[in-house]
Amino acid sequence: MNNSNNTKRASLLADRILQGANMLMEYSEGLTDSEWKTPVVGDGRSIGVVVHHVASVYPMEIELAQLLASGQDIQGANIDVVNKMNAEHAFENSNVKKHETLELLKHNSKIAADSVRKFTDNQLDTSAKVSLNADAPLTAQFFIEDHALRHSFHHLLKIKESLK
């Protein structure tokens, strides 16, 4: 049963976060060592690094959604900051192991989904400015959908395209 802190909308969002993470995990489990090291077309990072990236940013994506849900702006985030963060992550994790990465993906996606399940409808509907999106006032739900939820689907498609 849903309680006041676990709305149907929040549960559906959480389920879709896990759906994307599980699809990425299942696909990645079947990759050979060579495929794991293949650069993603248009990205340059290896598939393994990209999967690790998805797994490792769930906490930040949820923290930012929680910030919006409380009515606070997201400031200081722009494409240069994101690109720097991604480059540093790629450098520091250039030799990620598949098993460890998939465990991180499973762990962090579950925590993200559990966190999203706690959002109320009012929190999902709360908006504030997001610097990464030209200070557009975005709702917490949109931010969850555009980041924690979409992220795994987006990168899975790019990974599949790289292995054609």
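Miscellaneous remarks
- The residue that is surrounded by the most Cβ atoms within 10 Å (Cβ to Cβ), counting only those in region 4-21 that are within 17 Å of Ser152 (Cα to Cα) and touching a residue at least 12 places away in the same chain (Cβ under 8 Å), is Ile17.
- Cross-chain or 6+ apart pairs with Cβ under 7 Å, region 72-87 first and under 18 Å from Lys129 (Cα atoms), then hydroxyl-bearing (Ser, Thr, Tyr): Ile74/Ser131; Gln75/Ser131; Gly76/Ser131; Ala77/Ser131; Asn78/Ser131
- Residues that are closer than 13 Å to Ala10 by Cβ and not aliphatic (A, V, I, L, M) within region 74-125 comprise Asp114, Ser115, Arg117, Lys118, Phe119, Thr120, Asp121, Asn122, Gln123, Asp125, listed in sequence order.
- Flag set for Ala69, criterion: within 17 Å of His147 (Cα to Cα) and surrounded by 12 or more Cβ atoms within 10 Å (Cβ to Cβ).
- The listed residue being surrounded by fewer than 18 Cβ atoms within 10 Å (Cβ to Cβ) and out of contact with any Gly (no Cβ under 9 Å at 6 or more places or on another chain), out of Val82, Val116, Val130, Val57: Val82
- The criterion of at least 2 residues that are modelled with pLDDT of 95 or more and touching a strand residue (DSSP E or B) at 6+ places or on another chain (Cβ under 7 Å) is met, among helices (runs of 4 or more DSSP H) falling completely within region 104-164, by 121-125.
- Pairing residues of region 152-164 that are in contact (Cβ under 8 Å) with a residue 40 or more places away in the chain and within 15 Å of Val54 (Cα to Cα) with residues that are of a type in the set (D, E, K, R) and buried (at least 16 other Cβ atoms within 10 Å of the Cβ), at Cβ distances under 7 Å and at least 6 apart in sequence or on separate chains, gives Lys158/Asp43.
- For region 1-59, the set of residues classified as at pLDDT below 95 and under 18 Å from Leu149 (Cα atoms) consists of Asn6, Thr7, listed by residue number.
- Pair list, Cβ < 6 Å and 6+ apart or interchain, from region 30-45 residues that are farther than 16 Å from Asn93 by Cα and touching a residue at least 40 places away in the same chain (Cβ under 8 Å) to residues that are among the hydroxyl-bearing types (Ser, Thr, Tyr) and surrounded by 15 or more Cβ atoms within 10 Å (Cβ to Cβ): Val41/Ser162
- Flag if Ala128 is free of Cβ contacts under 8 Å to residues at least 24 places away in the same chain, more than 30 Å from Gly30 (Cβ to Cβ) and small (Gly, Ala, Ser): no
The values are calculated or read from the model by the stated rules, or taken from the named source; none is laboratory data. Remember, it's a predicted structure, so these values are computed and weren't measured experimentally. Ideal geometry is used to build each Cβ from the backbone, glycine not excepted, and the neighbour counts take in all protein chains shown.
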